[in-house]
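A short reminder: the numbers here are calculations on the coordinates, not readings from a lab. These figures come from a predicted structure and were not determined experimentally.
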Ligand SMILES: [Zn+2]
């Protein structure tokens, strides 16, 4: 059995999604274009269109970027009190670019989470992943008392 076919932990599925790779195989591209999840993995053909990330990635990115940028703005304002135009010139691009840079990986991580937990339409995929390990019968199972 290849490593990509072994069971995928929640952290592994989310990390693969964060890296914008298929949560199942970790090889195929998760997105077909910016923020648009591919219908199927080009490598393992896993169905990916079941995701339902909605606005959750955006909320996470706002919270993460806000918790870094706002304290940084306050520190700079307290220490140097630069002009408002200079603050806007510095912080608006940093905020925008960091939010855009984190948005797609965060959405990928959410898709990986939903895939690994079998949420929404991923439940059939999760059942398929679990069946082989549960249906394996060893020789000990067949031995009579
Ligand atoms: Zn795949």
Q) In µm²/s, what is D for the range 39-98 at 20 °C and 1.002 mPa s, where D = kT/(6 pi eta Rh) by Stokes-Einstein and Rh is the Kirkwood radius from Cα pairs? A) 149
(Q) What would the Debye equation give as log₁₀ I(q)/I(0) for the chain at q = 0.14, 0.20 Å⁻¹, counting only Cα atoms as equal point scatterers? (A) -0.73, -1.09
Q | Rel. contact order, % - alpha carbon contacts under 8 angstrom, at least six apart, the range 3-130 | A | 36
